[in-house]
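J.: Can you keep this structure in mind? I'll have questions shortly.
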Amino acid sequence: MKIKFWGVRGSIPCPGPRTMKYGGNTPCIEIRFPEIDKLIIIDAGSGIRELGNFMMGNDLPKGPIQTELFLSHTHWDHIMGFPFFTPIYIPGTKLKVYGPVSFEQDSLEKIVGGQLTYRYFPVRQTDLGAEIKYFDLKEGPVEREDDGIKITTKYLNHPILSLGYRIEYKGKVFCTAYDTEPYCNPFITDPDDPSYDEVMAQEGELVATEQNNLLNEFIKGADLLVYDCQYTKEEYETGKAGWGHSFFEYVCPLAAMNNIKSLALFHHEPVRTDDQMDELAKSFCQPGENGGPEVFFAREGMEIEL
């Protein structure tokens, strides 16, 4: 597997001189399997625009583009680049779009393709040249063609249904877990609180522990794990808990505990500058600091071969 980051930022694109080193585009990850000439894309944030332009020059000359796009979820920073993904305008392109089934009534096709309406965009979805098919996903193995690539999904902890992906090929494992934060007990746990309910408090604790353990099993032993790490612990605990994003002091020990070989910190805070991220790297990305895994900030253009 060859992995390349085309967008690593969270929430909103933030281009400019203070984000040039790590990048300002929102999530998009390219995974190539050269032996079988396959390409899988995770998320269609603003970074997918540059990936599409690269594919026009690199892949299209070899024949019609056929690829699969897996969405972690449908928040706008993860789908906003879709209308600017040039291959969807090219006749002969075949694109399969996979994503989580939402609690809302709208289909995946309506949410993603619905950006291509005159209300928001000058081109309608019906005017696209590509053949696009949409597939709703739940937790578990992904049914797709048998090409030796195994893909499994896991529900994450986010305000909307979000999926992590575990991709296995020829003994190598690549995992994503974003947007997500630690599962915690949603019920009151203070016995002195008038609203305290012992049964509910115990049940909430059991469920939170169970879900955290299941996520640990999902990522365990990955050669490369891309994990949500938008905040510091201080930021998380002063107003960001419940927003669906994790913090460095939680994620780095988690990777060590689950025998992760390499950890890519991902979904960077949009107001975080390159200089600030360099300072954070001194604390969280030092060799041996986290008990084993190589830890680094994902950067636009970064390529990793497993």
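J.: List the strands (runs of 3 or more DSSP E) inside the stretch 259-306, counting only whole elements, that have at least 1 residues being β-branched (V, I, T) and at pLDDT 95 or above.
T.: It comes to 294-297, 303-305.
J.: OK, next. Determine whether T74 is exposed (fewer than 13 other Cβ atoms within 10 Å of the Cβ) and outside any strand (DSSP E or B).
T.: Spelling it out, it is not the case that T74 is exposed (fewer than 13 other Cβ atoms within 10 Å of the Cβ) and outside any strand (DSSP E or B).
J.: Continuing with this model, one more query. Could you list, ordered by first residue, the pairs with Cβ atoms under 9 Å in which the first is in the stretch 149-165 and modelled with pLDDT under 95 and the second is assigned to a strand (DSSP E or B), at least 6 apart or interchain?
T.: Close Cβ pairs (under 9 Å, with a partner that is assigned to a strand (DSSP E or B)) amount to I160/P100; L161/P100; L161/Y155.
J.: Provide a single number: the residues in the stretch 92-110 that are surrounded by fewer than 17 Cβ atoms within 10 Å (Cβ to Cβ) and not in a loop (DSSP other than H, G, I, E, B).
T.: Matching residues across the stretch 92-110 total 3.
J.: What are the residues in the stretch 58-92 that are within 18 Å of I42 (Cα to Cα), hydroxyl-bearing (S, T, Y) and out of contact with any strand residue (DSSP E or B) (no Cβ under 7 Å at 6 or more places or on another chain), if any?
T.: Within the stretch 58-92, just T86 meets the criteria.
J.: A further question on this structure: Provide a single number: the residues in the stretch 182-206 that are touching a residue at least 24 places away in the same chain (Cβ under 8 Å) and either more than 30 Å from I29 (Cβ to Cβ) or in contact with a Phe, Trp or Tyr (Cβ under 7 Å, 6 or more places away or on another chain) (or both).
T.: 1
J.: Can you list the strands (runs of 3 or more DSSP E) lying wholly within the stretch 139-253 that have 1 or more residues being acidic (D, E)?
T.: 163-169, 224-228
Residues are listed down the side, and each one gets a yes or a no for (1) more than 21 Å from the chain's Cα centre (by Cα); (2) of a type in the set (S, T, N, Q); (3) surrounded by fewer than 17 Cβ atoms within 10 Å (Cβ to Cβ):
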position: I90; (1), (2), (3): yes, no, yes
position: Y118; (1), (2), (3): yes, no, yes
position: I167; (1), (2), (3): no, no, no
position: F187; (1), (2), (3): yes, no, no
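J.: So, in the stretch 53-65, how many residues would count as being buried (at least 20 other Cβ atoms within 10 Å of the Cβ) and either farther than 23 Å from L306 by Cα or free of Cβ contacts under 8 Å to residues at least 12 places away in the same chain (or both)?
T.: Counting residues in the stretch 53-65 that are buried (at least 20 other Cβ atoms within 10 Å of the Cβ) and either farther than 23 Å from L306 by Cα or free of Cβ contacts under 8 Å to residues at least 12 places away in the same chain (or both) gives 1.
J.: Let me ask you something else. Return yes when H245 is on the phi > 0 side of the Ramachandran plot and surrounded by 17 or more Cβ atoms within 10 Å (Cβ to Cβ) and no when it is not.
T.: Spelling it out, it is not the case that H245 is on the phi > 0 side of the Ramachandran plot and surrounded by 17 or more Cβ atoms within 10 Å (Cβ to Cβ).
The values are calculated or read from the model by the stated rules, or taken from the named source; none is laboratory data. In this text the structure is predicted, and so the values were computed from the model without any measurement. Neighbour counts run over all protein chains shown; Cβ positions are idealised from the backbone, glycine included.
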